[in-house]
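What follows is a single structure, written as structure tokens, with notes after it.
The values are calculated or read from the model by the stated rules, or taken from the named source; none is laboratory data. These figures come from a predicted structure and were not determined experimentally. Virtual Cβ from ideal backbone geometry, glycine too; neighbours counted across all protein chains shown. Side chains included, ligands, DNA and RNA excluded: accessible areas come from the protein's heavy atoms. Shrake-Rupley method; radii C 1.70, N 1.55, O 1.52, S 1.80 Å.
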Amino acid sequence: ELRAAGPEFYAGQKACPWMYYWEWGLADGYRPDTWHHYAVTWREDGSATMYFDGQSRAHVEQSRPHALAPALAGSRLAIGGPLDEGMSLDPNVPAQLDAYLARWRLQAGAATPHDVLVAMEESDPRPRRRDIPERAVLLVERDRALIDRAQEHCWFAHNLFQTGQTLYASIGRGDDTGESPNRRQNTSTRPGLMESRDRGRSWQPSARPFRREGSRLPDGRRITVPFLLTGHPLSCEALIEEPGGAIRTITATFDVSCLPEWAPGAYLAMCQILPCRDGSVLLFAYTSLPGEGGSSVLVFRSDDLSRWRAIARPYRPDGLTETGPNETAAVQFPDGRILAIMRTGGWNQMLAKGFSDDGGRTWSPMVPSGLCGVQPRLHLGRDGVLYLVTGRPGIVLAASTDGGETFAACACAEDDRFHEFLPEFGWYGYSSMNNGFVVDEEAGEAFVSYDIVGERVLGDGASWNACYVRPYAIRHIRDYRAKVAEVLPPDAPVIEREGDWLTVPERLAVTSQTGGALSGTFRGTGLVGLLETSPQAGRAVVQIDGGAPRAIPLYFPHRHIQRLLLTDGLAGGAHRFRLSLESGSDPQHRFANPEMPMLGGLQTIHLAG
């Protein structure tokens, strides 16, 4: 049996102490009767690395390798077993994952991360999808721009909005007086509004009054409700902003009589107000009821914005996710179907999703969305493309062209490799989950704003807090299947390889050699690569017809195979491409994720596609 249990890593017959890698999250939507790939590699110095589904999850240092008797491994596999009712010292780590080994293989010699990736592809019994989607959205990253920077207080940039051609972002200011950094935005006596008139490239203070986030109604009004609601009966003062700017206050009441399990004294945490196509309005909230061991999502309905009645409690603590479903975003598609995306845990935990086809009264089972994070935000474009922004880890922008069934285009606006302990928070600092989101459909651009705590910007080591915005160009190809003129597998005879490559016929080519490259000739006006983005991926460099090289970032907080736009807008005809691997770490990052140098891990950086 091979297993990781508590603060010890068991490999074969010998146990050794190890340091728990705290971003290891196993409750990422794994369900019975699904296929996964697990690997453990040993090096001659005694170190070992564990992989799950091709992604390294933990690195351990142990004594020099010992003999492993495969007969003792058996067929059962338990990863992340509990120790004294908990796992390690980190509450973010969920329950164990049990499995049975469908196939056991012991390989001799040094195994690299790309050996593991190739072994996984070779042994995957599932049929490989080869169809080309009818349409595709591709995201092209542009340079981030600084909104503002300061010391000694925390900023949140989650009120990004657009009026005309001007972008606005609200930020907490230096006079924030909350008792903790997490509350300063809510208690600030002088929140600031910044504006940009050049598509986010430069920012300056705005003369417009600050306004808090709200939900826009079809008639142009905006409604804003408090985040937290307590008391009995449940009620609050909501603000209605008219299109002309006038603001009035109404009293909103919340009827939970249809929930017999509701406990007096329970709270409501408001998430989103969703206007529906039948004229009603839905409100999504979450709560945690006594004795249930986690949070639940609640759905309220109103016809007048004043009287709200609970109509469903669709998602409850399930024992599989860390916290139970909570922070929720929702959209309604033209056919009436409603999609809800929900947070289920802390760092690197699953974003779950569910669907309703009857106005929010009944819902499908909760299933993985394919993404991880917290505080999701959704935008449904007029062309039917669904955009999602989330954070923790990193700041992630994703797009779906099939109604949220899959998120085929993903980009990491800011990665999560800022692991520096901040005493004022009591946890590791990183790019924050407090993000803002604007999609300018006419211009074909998306803007994501976010803050970074504990950023090192000066040579003297001073720590600053900063707010950034990163724009993306959106390429929506509505007849993508018809426009793809040729598909080249990575081992096609017309593709030349430079350096050391491992291949799986018609499925994969992978290298970890700096400068390793694929090159060849194609005919058309653009080139798309089906590449792996993951914590282990490096940075690709593409050159077309011998022109200037362009970097293609491949880092993503978890493994995701996706289409990346390498070039477009070319003249019709034959063109020459060269796609190479630029290895090495970003010097801004103190740690390499996921195998942190403090654990003795190597940076596993490669190019795969």
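Taking residues in the range 95-120 that are closer than 13 Å to His36 by Cβ, and partners anywhere that are in a loop (DSSP other than H, G, I, E, B) and at pLDDT 75 or above, the pairs with Cβ atoms closer than 6 Å and at least 6 places apart or on different chains are Met120/His37; Met120/Gly54.
Conditions (1) in a strand (DSSP E or B); (2) of a type in the set (Lys, Arg); (3) within 22 Å of Arg135 (Cβ to Cβ), marked per residue:
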{"position": "Phe522", "(1), (2), (3)": "yes, no, yes"}
{"position": "Gly529", "(1), (2), (3)": "yes, no, yes"}
{"position": "Ala540", "(1), (2), (3)": "yes, no, no"}
{"position": "Ala551", "(1), (2), (3)": "yes, no, no"}
{"position": "Pro557", "(1), (2), (3)": "no, no, no"}
{"position": "Leu565", "(1), (2), (3)": "yes, no, yes"}
{"position": "His575", "(1), (2), (3)": "yes, no, no"}
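For the range 199-213, filtered to residues that are free of Cβ contacts under 8 Å to residues at least 40 places away in the same chain and open to solvent by 40 Å² or more (accessible area, probe 1.4 Å), the residue that is nearest to Glu141 (Cα to Cα) is Gln204. Scan the range 252-277 residue by residue and report those that are open to solvent by less than 50 Å² (accessible area, probe 1.4 Å) and part of a loop (DSSP other than H, G, I, E, B). Within the range 252-277, Val256, Leu259, Trp262, Ala263, Ala266, Cys276 qualify. Among residues of the range 492-517 that are more than 16 Å from Asp115 (Cβ to Cβ) and open to solvent by 40 Å² or more (accessible area, probe 1.4 Å), those with a beta-carbon under 9 Å from a residue that is part of a loop (DSSP other than H, G, I, E, B) and aliphatic (A, V, I, L, M) at least six positions away or on a different chain give the pairs Val494/Leu488; Glu506/Ala492; Thr514/Ile605.
May I ask you to verify whether Arg313 is touching a strand residue (DSSP E or B) at 6+ places or on another chain (Cβ under 7 Å) and of a type in the set (Lys, Arg)? First the steps, then the outcome.
Details: touching a strand residue (DSSP E or B) at 6+ places or on another chain (Cβ under 7 Å): yes; of a type in the set (Lys, Arg): yes.
Yes.
Every residue, every condition in (1) in a strand (DSSP E or B); (2) open to solvent by less than 10 Å² (accessible area, probe 1.4 Å); (3) touching a residue at least 24 places away in the same chain (Cβ under 8 Å), yes or no:
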{"position": "Phe300", "(1), (2), (3)": "yes, yes, yes"}
{"position": "Asp304", "(1), (2), (3)": "no, no, no"}
{"position": "Arg309", "(1), (2), (3)": "yes, no, yes"}
{"position": "Pro314", "(1), (2), (3)": "yes, no, yes"}
{"position": "Pro317", "(1), (2), (3)": "no, no, yes"}
{"position": "Thr321", "(1), (2), (3)": "no, no, yes"}
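For the range 323-338, what are the residues that are outside any loop (DSSP other than H, G, I, E, B), of a type outside the set (Val, Ile, Thr) and either touching a Ser or Thr at 6+ places or on another chain (Cβ under 8 Å) or open to solvent by 10 Å² or more (accessible area, probe 1.4 Å) (or both)?
Within the range 323-338, just Gln332 meets the criteria.
Suppose the filter is at pLDDT 75 or above and open to solvent by less than 40 Å² (accessible area, probe 1.4 Å); does Gly164 pass it? Against the criterion (at pLDDT 75 or above and open to solvent by less than 40 Å² (accessible area, probe 1.4 Å)), Gly164 does not qualify.
Which residues, counting only those in the range 441-500, are of a type outside the set (D, E, K, R) and at pLDDT below 80? Give the derivation first.
Of the range 441-500, the ones of a type outside the set (D, E, K, R) are 443-444, 446-450, 452-454, 457-459, 461-469, 471-474, 476-477, 480, 482, 484-485, 487-490, 492-495, 499.
Within the range 441-500, Ile452, Val453, Gly454, Val457, Leu458, Gly459, Gly461, Ala462, Ser463, Trp464, Asn465 meet the criteria.
Inclusion of Phe437 among residues that are modelled with pLDDT of 95 or more, under 23 Å from the mean Cα position of the chain (by Cα) and outside any loop (DSSP other than H, G, I, E, B) is not warranted. Got a sec? Which of Ser295, Ser280 is surrounded by fewer than 17 Cβ atoms within 10 Å (Cβ to Cβ) and either over 22 Å from Gly231 (Cα atoms) or of a type in the set (Ser, Thr, Tyr) (or both)? Of the residues listed, the single one that is surrounded by fewer than 17 Cβ atoms within 10 Å (Cβ to Cβ) and either over 22 Å from Gly231 (Cα atoms) or of a type in the set (Ser, Thr, Tyr) (or both) is Ser280. Could you look through the range 370-389, keep only residues that are touching a strand residue (DSSP E or B) at 6+ places or on another chain (Cβ under 8 Å) and part of a loop (DSSP other than H, G, I, E, B), and pick out the one that is farthest from Ile338 (Cα to Cα)? Top of the filtered list is Gly373.
Would it be correct to say that Arg523 is open to solvent by 60 Å² or more (accessible area, probe 1.4 Å), out of contact with any His (no Cβ under 9 Å at 6 or more places or on another chain) and basic (Lys, Arg)? Walk me through how you get there before you give the answer.
Values: open to solvent by 60 Å² or more (accessible area, probe 1.4 Å): yes; out of contact with any His (no Cβ under 9 Å at 6 or more places or on another chain): no; basic (Lys, Arg): yes.
Considered against the rule, which asks whether it is open to solvent by 60 Å² or more (accessible area, probe 1.4 Å), out of contact with any His (no Cβ under 9 Å at 6 or more places or on another chain) and basic (Lys, Arg), Arg523 comes out as no.
Residues that are open to solvent by less than 20 Å² (accessible area, probe 1.4 Å) and out of contact with any Leu (no Cβ under 9 Å at 6 or more places or on another chain) within the range 341-360 comprise Gly345, Gly346, Trp347, Asn348, Gln349, Ala352, listed in sequence order. Checking each residue in the range 184-198 for being surrounded by fewer than 16 Cβ atoms within 10 Å (Cβ to Cβ), out of contact with any strand residue (DSSP E or B) (no Cβ under 8 Å at 6 or more places or on another chain) and either at pLDDT 90 or above or not polar (S, T, N, Q) (or both) picks out Arg190, Asp198. Out of the range 559-585, which residues are open to solvent by 20 Å² or more (accessible area, probe 1.4 Å), within 18 Å of Pro113 (Cβ to Cβ) and either at pLDDT 90 or above or in contact with a strand residue (DSSP E or B) (Cβ under 9 Å, 6 or more places away or on another chain) (or both)? Hits for the range 559-585 are Arg559, His560, Ile561, Glu582, Ser583, Gly584. Taking the conditions (1) on the phi > 0 side of the Ramachandran plot; (2) small (Gly, Ala, Ser); (3) in contact (Cβ under 8 Å) with a residue 40 or more places away in the chain in turn, Ala252 satisfies each one other than (1).
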